[in-house]
Structure formats: structure tokens, C-alpha cells
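Novice: I'd like to ask some things about the structure below.
Rule-based calculations on the coordinates, nothing more; no lab input. It should be emphasised that the depicted structure is a prediction, and the values quoted were computed from it without experimental measurement. Positions of Cβ are generated from backbone atoms using ideal geometry, with glycine treated the same way; all protein chains shown enter the neighbour counts.
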Amino acid sequence: MSKKKRKPTLKKQLRDTQRLAERMGLPSEIKEKKDQEIKSLKKNLKRQKEAQRFELKYKKIKFIEKRKVIRKLDQTNSLVEAAERQGDQKSISTLLAERDKLKNDLLYINHYPVMQKYLSLFPPSGETPESRKLREETYAKILKTIKIKQEIRDKELLQADVQMQDDLKDNQRIVAEDAFFALASDSEEAQPKERRVVMRDGRVPMLAKNFEKI
């Protein structure tokens with residue numbers, strides 16, 4: 001089994017494209033195209049470095065907050081189970097809402113934009129109203145983006161499922177048709193064939209049933 005070929009890194013793509021663009025005798029239209037690719041690769045490489053810098057900078061705080069949210073989520077799940085055993089519907093409703101909020105908190109941490117300064121879910125007491133508003137707006141945008149992506153994914157899966165069902169029906173129809181023709185062919189082959197006698201001079205005498213028609 002052949003190994004899957006790894007996609008070259010942005011640095012390697014940039015280096016290879018620069019070498020190709022520097023070749024002598026390269027047609028002007030190709031050189032212009034390669035220059036545009038170089039600009040695009042440099043821009044993507046810069047964004048990649050920025051994303052890595054942000055990720056490294058906020059990795060610790062995101063890890064701490066994620067662990068805190070997971071711990072609260074586990075505690076809430078235990079409280080939900082206890083409330084269900086007691087039949088306390090009011091507590092169950094409140095706890096389920098709290099659990100949904102904690103799940104959204106995890107989504108916020110895991111899907112936070114890599115190119116933005118991370119806004120903590122548990123800010124210090126001196127948080128400004130502007131910072132709180134920005135975090136709430138970012139929170140809402142992240143959840144909205146996740147919802148849109150999920151809807152697109154569900155739609156694609158539904159279309160794939162419908163296509164698979166159509167293909168399955170077509171295959172079943174083809175198999176049924178093949179079986180029908182195969183059965184008809186077997187029936188024809190099963191019928192006894194008439195044996196004809198050939199005279200020494202090569203003539204074939206008429207069958208008895210043919211004499212009846214004369």
C-alpha cells in the first residue's frame with residue numbers, strides 16, 4: 001500500500017516558485033503568473049506565522065479555561081442525573097440550560113478565531129464594558145458561524161444520502177434486468193434442439209412434420 005503524499009509546506013512552495021520565476025528565458029506571461037503566486041504565498045505564510053504566534057500566546061489560558069468548563073460540565077451532568085432521580089422538573093430545566101451554556105463555552109474556546117486576541121470567558125473583576133461587549137459579540141458570531149457550517153454539512157450529507165439511494169435503486173433495477181434476461185437466455189438454452197440427418201451427398205431430408213404441410 002503506497003503512502004499518501006504529503007502536501008509541501010508553504011515555505012517549500014514559496015521557495016520552489018521563486019526558483020522557477022528566476023529562470024532565464026521564462027515567457028513573460030508565465031513569469032507574471034508566478035510573481036502573483038509568490039505574493040499570495042508570502043501573504044499566506046505571514047498569516048500562518050501570525051496564527052502560530054497567537055496560538056502560542058493564548059494556549060495556556062485557553063487550556064485552563066477549557067479544563068474549568070469541562071469540570072463544571074461534569075458537575076452539572078451529575079446534578080441533572082440527581083434531579084431526574086428526584087423528579088425535580090424545575091431544577092432539571094435550570095440545569096439543562098446551564099449545561100447548554102457550558103457546551104457553548106467549549107465551542108467558543110475551541111473555535112475562537114486564530115488571528116484575534118483571545119477574550120477570556122472568566123475575565124478579571126476590572127473588565128471594561130467595551131471589553132465585555134466585544135466578547136459577547138465575538139461569542140455570538142462564533143456560535144452563528146458554527147451553526148451555519150453545521151447546516152451546510154447537514155445539507156451536503158442529505159444530498160449525498162439521496163444520491164446514494166438513487167444509485168442503489170439504479171443498481172437494483174440493472175440487477176433485476178440482468179436477472180430477467182439471464183433467465184430468458186437459460187430458458188432458450190434449455191429447449192431441446194432438433195437433430196437433422198445429413199445424407200452422404202450432403203442433402204438434408206425434410207422432417208416428418210414438414211411433410212404434413214405439403
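Novice: Net charge near THR145, counting Lys/Arg +1 and Asp/Glu -1 over other residues with Cβ under 14 Å of its Cβ? Spell out each step's value before the answer.
Specialist: Values: positive: LYS141, LYS144, LYS147, LYS149, ARG153; negative: GLU137, GLU151.
Cβ neighbours under 14 Å give a net charge of +3.
Novice: Calculated FRET efficiency, ILE61 and THR94, Cβ-Cβ r, R0 35 Å, to nearest 0.05? Kindly include the intermediate steps, with their values, before the conclusion.
Specialist: Working: r = 29 Å, r/R0 = 0.83.
The pair ILE61/THR94 has a calculated efficiency of 0.75.
Novice: Moving on. Out of the range 7-39, which GluC sites (Glu not before Pro) are coil in DSSP terms and have no more than 15 other C-beta atoms within 10 Å? All intermediate terms of the calculation are to be shown ahead of the outcome.
Specialist: Values: sites: GLU22, GLU29, GLU32, GLU37; in loops: GLU22.
Within the range 7-39, the qualifying GluC sites (Glu not before Pro) (loop, at most 15 other Cβ atoms within 10 Å) are GLU22.
Novice: Ratio of the range 10-85's C-alpha Rg to 2.2 N^0.38 Å, to two decimals?
Specialist: 2.18
Novice: Out of residues 5 or more away from SER120 or on other chains, whose amide H comes under 5 Å of its own, with H placed 1.01 Å from N in the peptide plane?
Specialist: none
Novice: With each pseudo-label sitting 7 Å past Cα toward Cβ, what's the GLN86-THR9 distance in nm, one decimal?
Specialist: Placing both labels 7 Å beyond Cα along the Cβ direction yields 5.7 nm.
Novice: Moving on. Let's test the formula: R0 of 25 Å, r as the Cβ-Cβ distance of LYS103 and ASN44. What FRET efficiency results, to the nearest 0.05? Don't jump to the answer; show the numbers that get you there.
Specialist: Details: r = 33 Å, r/R0 = 1.32.
Calculated value: 0.15.
Novice: Could you tell me which of HIS111, GLN18, GLY126 has its Cα farthest along the dipole of the range 1-151 towards the positive end, charges placed at Cβ (Lys, Arg +1; Asp, Glu -1), taken about the Cα centre?
Specialist: With unit charges placed on the Cβ atoms, the residue in question is GLN18.
Novice: How much length is gained if the chain between ASP74 and LYS144 is pulled fully straight, taking 0.36 nm per residue apart and subtracting their Cα-Cα distance, in nm to one decimal? Walk me through the numbers on the way to the answer.
Specialist: On the way: separation 70, 0.36 × 70 = 25.20 nm, distance 2.52 nm.
The span from ASP74 to LYS144 would gain 22.7 nm if fully extended.
Novice: What ³J(HN,Hα) values, in whole Hz, does the Karplus curve 6.51 cos²θ - 1.76 cosθ + 1.60 give for the range 134-139 when θ = phi - 60°, with x put for Gly and Pro?
Specialist: Couplings: 5, 5, 5, 5, 5, 4 Hz.
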